[in-house]
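Just so it is clear, none of the values below were taken in a lab; they were calculated from the coordinates. Just so you know, these numbers come straight off a predicted model, no measurement behind them. With ideal geometry, Cβ positions are generated from the backbone for all residues, glycine too; neighbour counts draw on all protein chains shown.
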Amino acid sequence: MGTHPAMDHAKTPPRSASGFGDGLDQPTLSGAAALGHVVRPNAIDVSHGTILYLEDVTVSFGGFRALNKLSLTVDAGELRCVIGPNGAGKTTMMDVITGKTSPDAGKVYLGQSIDLTRLNEPQIAQTGIGRKFQKPTVFEQHPVWENLELAMKADKRWWASLRARLDRAAQARIEHTLEVIRLESEARRLAGELSHGQKQRLEIGMLLMQQPALLLLDEPAAGMTDDETMELAVLLNRLRGTCSMMVVEHDMEFVAALAGETGRVTVMAEGRVLAEGSLDHVKRDEAVIESYLGR
């Protein structure tokens with residue numbers, strides 16, 4: 001992989017038609033201006049088409065290399081599926097991206113200009129990266145509506161929180177998110193009473209309230225019924241274009257529903273990329289068959 005492109009910022013694009021492109025000081029994807037770039041705070045420069053860039057990332061725990069010179073890129077607006085055997089380094093990769101684990105070596109950039117290795121976890125979250133773990137984390141004693149309200153991107157300082165009131169725009173965002181995650185009928189129900197699949201969708205909705213530029217999902221279909229899994233696939237496919245997504249998953253039917261015929265799938269093994277391409281391409285790769293899929 002070549003060296004990282006020149007680093008700069010660009011102007012903020014117009015609001016997304018999805019309804020997730022507005023908000024308070026959210027990180028914005030920005031492209032190249034006609035004669036250069038306009039410097040803009042909080043902008044994520046994707047003028048070269050890439051939102052996430054990892055090069056030669058290495059992480060060792062004792063004598064074990066969890067990541068071994070891992071290099072990959074994710075395009076702006078892309079939904080990338082990442083598969084591979086247990087111990088391939090998939091979760092460690094997400095830990096590095098979100099600042100939970102510091103790499104021993106390598107580059108990790110959000111867009112062209114944001115060096116994630118120089119930021120801590122809260123700072124990385126503020127840049128526009130949201131992460132969903134395998135087990136859903138919601139406020140079970142609060143209604144679904146309040147979960148989304150609590151997750152909304154806003155000034156969380158104590159004085160601002162005491163004075164905060166939902167305006168019409170904020171209410172519209174919650175209503176829109178409820179529609180997207182298909183929980184409109186459950187808005188006043190306690191989150192703890194939801195099914196596992198509904199909780200998973202609620203947590204994704206809470207992340208959407210943060211207006212992420214990049215959403216990382218670690219085995220989101222784990223523990224779901226077949227119907228819930230396909231409903232989740234419909235949701236993630238509906239989110240295409242509203243943010244970039246990286247989905248780590250083992251359920252190959254779920255991956256197929258997300259990747260389709262042309263979507264890129266990355267196969268990891270032993271801490272590095274083993275293969276990459278369409279799902280059909282990687283399923284026919286001999287190294288992938290030997291390492292992961294079996295014969």
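Only counting other Cβ atoms within 10 Å, I'd like THR225, THR177, THR242 sorted with the fewest neighbours first.
Values: THR225 12, THR177 24, THR242 20.
In order of increasing Cβ crowding within 10 Å: THR225, THR242, THR177.
Starting from the Cα-Cα distance between HIS196 and GLU121, subtract it from 0.36 nm times their residue separation and give me the gain in nm to one decimal.
Taking HIS196 through GLU121 to full extension adds about 24.3 nm, to one decimal.
Give me the net charge for the shell around ASP251: Cβ to Cβ below 10 angstrom, other residues only, Lys and Arg +1, Asp and Glu -1.
Around ASP251, the charge tally is -4.
Determine the gain in length on full extension of the stretch ARG168-ILE289; use 0.36 nm per residue of separation and subtract their C-alpha separation, reporting nm with one decimal.
38.3 nm
Which FRET efficiency value, to the nearest 0.05, is calculated for ASP280 and VAL234 with the Förster distance at 25 angstrom and r the Cβ-Cβ distance? Before the final figure, lay out each step's value.
On the way: r = 22 Å, r/R0 = 0.87.
Here the calculated transfer efficiency is 0.70.
Too long at a 21 Å Cα-Cα cut-off: which of LYS90/LYS283; LYS199/LYS283; LYS69/LYS90?
LYS199/LYS283
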